[in-house]
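To start, the structure itself, in structure tokens.
The values are calculated or read from the model by the stated rules, or taken from the named source; none is laboratory data. Computed from a prediction, not measured in an experiment: that's the story for all the values here. Positions of Cβ are generated from backbone atoms using ideal geometry, with glycine treated the same way; all protein chains shown enter the neighbour counts.
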Amino acid sequence: MLDKRVIKSVTVLVITLFIVTGLYGASNYLYQNWGLIYSLAPAIIGTILLFVSLFSLVNIFYKPKKTARKKEGDWVRVHSAGNPQEAEIIKGKLKSEKIPVALKKANIDLIGNIYPSAAVGGNMGIIDVYVPKDFSKKARSIIR
């Protein structure tokens, strides 16, 4: 039995070839009877369609590798930087030691809502530095 991906790809190719052949035939007819300028549109449309079908074939056969994502609970805060520059310097130090690192603005949730304490307290510039639990001791020793 044929794989579904093979059936999809053959279908896409056959349909595309019929349409592109028709468009190039129309382009040739228009070129012979009307001139170059009128024959460009079907030729351009046929070329675009050919590239779109090739792109869809790549998407049919390409399967991205599934990577194991760490849960948010597996990351711990190791430092609160006072400004973005300090956070980026710490991030660079940790990355140079091959430690995964993530930065998150304090008092701002994932969709950008600012908590009232941030607006009133004035700690809008604080950025938290997070690393996986396994690297927390090493990261804290590097930061200190």
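The set of residues from segment 18-39 being surrounded by 13 or more Cβ atoms within 10 Å (Cβ to Cβ) and free of Cβ contacts under 8 Å to residues at least 24 places away in the same chain comprises Tyr24, Ala26, Ser27, Asn28, Tyr29, Leu30, Tyr31, Tyr38, Ser39. Mind listing just one residue for me: the one in segment 53-73 that is of a type in the set (Val, Ile, Thr) and not in a loop (DSSP other than H, G, I, E, B) and, of those, modelled with the highest pLDDT? My answer is Val58.
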